[in-house]
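Since the structure comes first, as structure tokens, the remarks are kept for the end.
The values are calculated or read from the model by the stated rules, or taken from the named source; none is laboratory data. Worth saying up front: this structure is predicted, and the values here are computed from it rather than measured. Using ideal geometry, Cβ is built from the backbone for each residue, glycine included, and neighbour counts are taken over all protein chains shown.
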Amino acid sequence: MQPEISSRISATVVAVFRANGRMLEWGDAFAAPFGLTSARWQILGAIALSPQTITTPRIAEQMGVSRQGAQKQLNLLLDDGLIEKLPNPGHRRSPHYRLTPSGAALFQQIDTAWAAHAQLAGQHFSAAELETTLRVLGTLTDLHAMPSQGEQDEA
């Protein structure tokens, strides 16, 4: 790899780290009026946006967090009555999760607020810039994917 490309990749990764930290900090402030943190909003969103019930390993994979981190947030959301646990016929130790009616209502509220914010933020970018960003981040994610551990243990 050419040194110039290597430096740009490094700078991009550092920018991703910085953006992640900033987005989590911003997200905590944004989600607070809804009684959520960034982490809980993220997990609630993974469940809300899944076309079917979803397991902890799938949530962790989709959101780029550890299974333990996802499970911690799932337990908090369960305690708050925002999600419910359902049996998984394919694997008794890996239940499925779905939103409760109150969880769905809360997600709708925060998602509406997010959509308004995203509309304003989107004014700073062209569609082409956003498409390029998504493509680059997707490739970086794919290049650095860890081997999946025990996908079969969740069915």
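Among the residues of the stretch 122-140, which ones are exposed (fewer than 10 other Cβ atoms within 10 Å of the Cβ) and either among the hydrophobic types (A, V, I, L, M, F, W, C) or in a helix (DSSP H, G or I) (or both)?
Filtering the stretch 122-140 down to residues exposed (fewer than 10 other Cβ atoms within 10 Å of the Cβ) leaves 123-124, 126-128.
Passing the criteria: GLN123, HIS124, ALA127, ALA128.
The helices (runs of 4 or more DSSP H) located wholly in the stretch 1-63 that include 3 or more residues which are closer than 30 Å to PRO87 by Cα and either touching a residue at least 12 places away in the same chain (Cβ under 8 Å) or out of contact with any strand residue (DSSP E or B) (no Cβ under 9 Å at 6 or more places or on another chain) (or both) occupy 38-49, 56-63. Against the test of being at pLDDT below 95 and either touching a Phe, Trp or Tyr at 6+ places or on another chain (Cβ under 9 Å) or under 30 Å from PHE17 (Cβ atoms) (or both), the options GLN109, GLN62 yield a single qualifying residue, GLN62.
In the stretch 70-88, which residue that is outside any loop (DSSP other than H, G, I, E, B) and out of contact with any helix residue (DSSP H, G or I) (no Cβ under 7 Å at 6 or more places or on another chain) is surrounded by the fewest Cβ atoms within 10 Å (Cβ to Cβ)? Don't jump to the end; show me each part of the working.
Within the stretch 70-88, the subset outside any loop (DSSP other than H, G, I, E, B) is 70-79, 83-86.
This time we only want the ones that are out of contact with any helix residue (DSSP H, G or I) (no Cβ under 7 Å at 6 or more places or on another chain), so: 72, 75, 78-79, 84, 86.
Numbers: LYS72: 15, ASN75: 12, LEU78: 15, ASP79: 9, GLU84: 17, LEU86: 12.
Restricting to residues being outside any loop (DSSP other than H, G, I, E, B) and out of contact with any helix residue (DSSP H, G or I) (no Cβ under 7 Å at 6 or more places or on another chain), the top hit is ASP79.
Among the residues of the stretch 95-125, those identified as aromatic (Phe, Trp, Tyr) and touching a Leu at 6+ places or on another chain (Cβ under 8 Å) are TYR97, PHE107. Condition first: of a type in the set (Lys, Arg), surrounded by 15 or more Cβ atoms within 10 Å (Cβ to Cβ) and at pLDDT 95 or above. Can you find one or more residues in the stretch 37-46 that meet it? Yes.
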